[in-house]
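Novice: Can you read through this structure? Questions will come right after.
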Amino acid sequence: MSAILSAQDLNDFIGPGLACINPVVVNRSETNGHTEIQIDAGGNPVEVSVNGTSNSATKTATQLTPAQINLSDCLACSGCITSAESVLVSLQSHTELLSVLRQSRGHIGAEDGNDLGSKRPKRVFVASISHQSRASLAAAYNISVDRVDAKLVTLFRDILGFQYLVGTGVGRQISLAYSAQEVLLKSGKFTDINSSSVEPKKPVLASICPGWICYVEKTHPHVLPYLSDIKSPQQITGSLLKRLISQETGASADEIYHVSVMPCFDKKLEASRPDFATGEGVRDVDCVITTKEVVQLLIDENIDFMSITESEDARGGNFQALAPKLWPPGKSWESSEGSSSGGYLWHVLAALSDEIKKVEGKSTSLKVIPGKNSDMVEYNLVVTDGDKEEVVAKAAQVYGFRNIQNLVRKLKTGGKTGARSVVSARAKKTAGAATATLVPTEYDYVEVMACPGGCINGGGQIGAPTTDGGDVFGLKEWRDIVENQYKSIRSSCVERHAVQEWVAKVWGSETDSLMTTSYRAVEGLDTKDAVPAVLVGDKW
């Protein structure tokens, strides 16, 4: 992992601190004598204890066990998980993927080289690829997203031997549709929706960012009631793929190996959650690799991406042969309106606007109020009657931990601000520069992402090209290039009722098992005999 991760990739994170990582339990020695750490003849660290007086001293050497950090131990705040040199991410790497591919084909020894496709696999391999990763690859190789898609088809199907390959568009449309439905239910505004059993709760906070979720679960449990119950596109896609492919091929879920290509290292944490696995331990997503790791896989296998033949079917937009038979044609690879983090806020506002028009007969317009930085923006749905404006719904975009920390503080205090900030906001308004003041209890929905700039700027994305003289592009300039590639992907409208009908058809009556999950506070450890892990050392 150290070849892929670097601190230079990050510009907004909570550094590893006393509350960042589960503490290391220290086994206290019974001796009262002197102890020291030494290196034995084999190069292993040992603790040497000296007991007794100088005339009759005895020495006892105990071999030390290296401290390790597992996925479940980490806060996933983009601090240690994405900048430590040696983070243990077992079963979640491109090397593990290559190992599983070789083992499935009977190629276990190194002497087999790169011959990945010479034997029929024992498992069914399926990959799902995020829109942000496709955009990042397009920017890195300076080609269109369509060409990237065509090369990815050849790479995964013909070179690596995958039987199925889909984009995450279907999972995203489902996630968007049900997220909007959830906000409509919890807003308590619309009489034509059966929401009598749902207690209004404002705001609803997006829950598709696993770094944000881990941060809440481990440090801010007061935020848990506000989190959306809807799963991310990655997990919905995984559940659908395993069920449909199992029905189609007769393979059991544990024989289907699902690889997800994502812009974020924290998606590995999401895939590893016990909630997203069956009682037998079969996960919806078996392995997550980031965009960077796709590039590293190409390097390790001596594959030149630009020399990969482009699939003619894919270039023509025909991906149906790569998907399960019941998969909606074309939807996998299409994007959606709104932000490059999935467009959740845009879709929720569109649904609110539609319902306001249907229920109250009022047309709305959108008013955008920028915040103190580009990652904090407020959106108001406004009904205009002559010279009067009425705000009928509010939402906000909150990206990056600097803004997130402000959000969770205000949720704890009920959105109240101090006298100084009130005076400041009033002065700005008087000066004619309206600025979002972040009052979360007034919002119907907040799109929250841990990374500045959102998912398109995830820690697993490919960085800007460099030369001996330094960076070719600045950080913002490179982000804009990747963003433009993302926007070039064809978009389609999310038809909420059509999506719900399709889900009911392929999943059955228990749709909640596909769409919803829950979050809970992570209990702290008994720290009586523990020290913060960051104090043990920086070598894991």
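Novice: Looking for whichever is surrounded by fewer than 20 Cβ atoms within 10 Å (Cβ to Cβ), outside any strand (DSSP E or B), among the charged types (D, E, K, R) and out of contact with any helix residue (DSSP H, G or I) (no Cβ under 9 Å at 6 or more places or on another chain) here; the options are Lys358, Lys367, Lys372. Which one fits?
Specialist: Values: Lys367 fails: outside any strand (DSSP E or B); Lys372 fails: out of contact with any helix residue (DSSP H, G or I) (no Cβ under 9 Å at 6 or more places or on another chain).
Exactly one residue qualifies, and that residue is Lys358.
Novice: Still on this structure, I have one more. Could you list all residues from segment 284-309 that are assigned to a loop (DSSP other than H, G, I, E, B) and within 27 Å of the chain's Cα centre (by Cα)? Please lay out each step first, then the result.
Specialist: If we filter segment 284-309 for residues that are assigned to a loop (DSSP other than H, G, I, E, B), which is where we start, we get 284-286, 301-304, 308-309.
Correct list: Asp284, Val285, Asp286, Glu301.
Novice: Residues of segment 474-490 being in contact with a helix residue (DSSP H, G or I) (Cβ under 7 Å, 6 or more places away or on another chain) and either farther than 25 Å from Trp333 by Cα or acidic (Asp, Glu) (or both), which ones? Please lay out each step first, then the result.
Specialist: Applying the first criterion (in contact with a helix residue (DSSP H, G or I) (Cβ under 7 Å, 6 or more places away or on another chain)) to segment 474-490 yields 479, 481-483, 485-486, 488-489.
Selection gives Glu483 alone.
Novice: Which condition from (1) more than 30 Å from Gln181 (Cα to Cα); (2) in contact with a Leu (Cβ under 7 Å, 6 or more places away or on another chain) is the one that Val295 breaks?
Specialist: If we test Val295 against (1) more than 30 Å from Gln181 (Cα to Cα); (2) in contact with a Leu (Cβ under 7 Å, 6 or more places away or on another chain), just (2) comes out false.
Novice: Looking at the structure I just gave you, is Lys325 among the basic types (Lys, Arg), over 23 Å from the mean Cα position of the chain (by Cα) and in a loop (DSSP other than H, G, I, E, B)? Before you say what the answer is, go through the steps one by one.
Specialist: Working: among the basic types (Lys, Arg): yes; over 23 Å from the mean Cα position of the chain (by Cα): yes; in a loop (DSSP other than H, G, I, E, B): yes.
Yes: the conditions hold for Lys325.
Novice: Here is a follow-up. Among the helices (runs of 4 or more DSSP H) confined wholly to segment 78-170, which include 3 or more residues that are at pLDDT 95 or above?
Specialist: On the way: elements: 80-83, 94-104, 131-141, 145-153.
The qualifying helices (runs of 4 or more DSSP H) are 131-141, 145-153.
Novice: Output yes when any residue across segment 260-283 is of a type in the set (Val, Ile, Thr), part of a helix (DSSP H, G or I) and surrounded by fewer than 17 Cβ atoms within 10 Å (Cβ to Cβ), and no when none is. It would help to see each step written out before you state the result.
Specialist: Our first condition is that a residue be of a type in the set (Val, Ile, Thr); within segment 260-283, this holds for 261, 278, 282.
Then keep just the ones that are part of a helix (DSSP H, G or I); that gives none.
No, there is no match, as no residue in segment 260-283 is of a type in the set (Val, Ile, Thr), part of a helix (DSSP H, G or I) and surrounded by fewer than 17 Cβ atoms within 10 Å (Cβ to Cβ).
Novice: Under 8 Å between Cβ atoms, which residue pairs at least 6 apart in sequence (or on different chains) link something in segment 92-105 that is over 19 Å from Arg273 (Cα atoms) with a partner that is in a helix (DSSP H, G or I) and of a type in the set (S, T, N, Q)?
Specialist: Close Cβ pairs (under 8 Å, with a partner that is in a helix (DSSP H, G or I) and of a type in the set (S, T, N, Q)) amount to His94/Gln296.
Novice: Given the criterion assigned to a loop (DSSP other than H, G, I, E, B) and either crowded, with 20+ Cβ neighbours inside 10 Å or charged (D, E, K, R) (or both), identify the matching residue among Ser332, Ser341.
Specialist: Working: Ser332 fails: assigned to a loop (DSSP other than H, G, I, E, B).
Step by step, each of Ser332, Ser341 is checked, and only Ser341 is assigned to a loop (DSSP other than H, G, I, E, B) and either crowded, with 20+ Cβ neighbours inside 10 Å or charged (D, E, K, R) (or both).
Novice: State whether the residues of segment 470-489 include one that is part of a loop (DSSP other than H, G, I, E, B), modelled with pLDDT of 90 or more and not small (Gly, Ala, Ser). Lay out the reasoning, then the answer.
Specialist: Our first condition is that a residue be part of a loop (DSSP other than H, G, I, E, B); within segment 470-489, this holds for 472-474, 488-489.
Going one step further and asking which of them are modelled with pLDDT of 90 or more, we end up with 488-489.
Still in the list and also not small (Gly, Ala, Ser): 489.
Within segment 470-489, one or more residues are part of a loop (DSSP other than H, G, I, E, B), modelled with pLDDT of 90 or more and not small (Gly, Ala, Ser).
Novice: Related question: Taking into account only those residues within segment 294-344 that are basic (Lys, Arg) and in contact with an Asp or Glu (Cβ under 9 Å, 6 or more places away or on another chain), which is nearest to Gly454 (Cα to Cα)?
Specialist: We begin by selecting, within segment 294-344, every residue basic (Lys, Arg); these are 315, 325, 331.
This time we only want the ones that are in contact with an Asp or Glu (Cβ under 9 Å, 6 or more places away or on another chain), so: 315, 325.
Numbers: Arg315: 28, Lys325: 33 Å.
Applying the filter and picking the extreme gives Arg315.
Novice: Also, I was wondering about something else. Filter segment 209-239 down to the residues that are β-branched (Val, Ile, Thr) and out of contact with any strand residue (DSSP E or B) (no Cβ under 8 Å at 6 or more places or on another chain), then identify the one that is modelled with the lowest pLDDT. Reasoning before the result, please.
Specialist: To start, the set of residues in segment 209-239 that are β-branched (Val, Ile, Thr) comprises 213, 216, 219, 223, 230, 236-237.
When the remaining residues are screened for being out of contact with any strand residue (DSSP E or B) (no Cβ under 8 Å at 6 or more places or on another chain), the result is 219, 236.
Values: Thr219: 89, Ile236: 97.
That would be Thr219.
Novice: In the list Val522, Val494, which residue meets the criterion of being at pLDDT below 95, among the hydrophobic types (A, V, I, L, M, F, W, C) and more than 30 Å from Pro221 (Cβ to Cβ)?
Specialist: Numbers: Val522 fails: more than 30 Å from Pro221 (Cβ to Cβ).
Result: Val494 is the single residue among Val522, Val494 that is at pLDDT below 95, among the hydrophobic types (A, V, I, L, M, F, W, C) and more than 30 Å from Pro221 (Cβ to Cβ).
The values are calculated or read from the model by the stated rules, or taken from the named source; none is laboratory data. All figures in this text were calculated on a predicted structure; none of them were measured in a lab. Neighbour counts are summed over all protein chains in view; Cβ atoms, including those assigned to glycine, are modelled from backbone coordinates with ideal geometry.
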